[in-house]
Amino acid sequence: MPHFEIQVTDVNAAKSFYTGLFGWAFTPMPGGEEIGYHLINGADIGDDKGLTAGLMRRPRRWLLAARRHHDL
């Protein structure tokens, strides 16, 4: 089953944004608390719809790597 993830710096702001934009609902995933992982459910997203998705806080080290690459 296809799956996609959205990585963000502010999980709460992203949840509000995507809820308003697409009407998505978010469920915290047990065991994913450290990275703020949430499963996404919506009109076309969910276990029973053939497409799953997650939202998570972007790891800080990735931001540093992106900055280094940008500065090159």
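What follows draws every value from the coordinates through simple rules; no lab data is involved. Since this is a predicted model, take the numbers as computed values, not measurements. Please note: Cβ atoms are built from the backbone with ideal geometry, for glycine as well, and neighbour counts cover all protein chains shown.
The mean sequence distance of close C-alpha pairs (under 8 Å, at least 6 residues apart), as a share of the length of segment 1-49, puts its relative contact order at 26 percent. Calculated FRET efficiency, D44 to A13, Cβ-Cβ distance, R0 = 22 Å: about 0.45 to the nearest 0.05. Remark: segment 29-44, residue by residue, has Karplus-estimated 3J(HN,Hα) of 8, x, x, x, 4, 4, 10, x, 6, 10, 7, 9, 10, x, 4, 10 Hz, where x stands for each Gly or Pro and the curve is 6.51 cos²θ - 1.76 cosθ + 1.60 at θ = phi - 60°.
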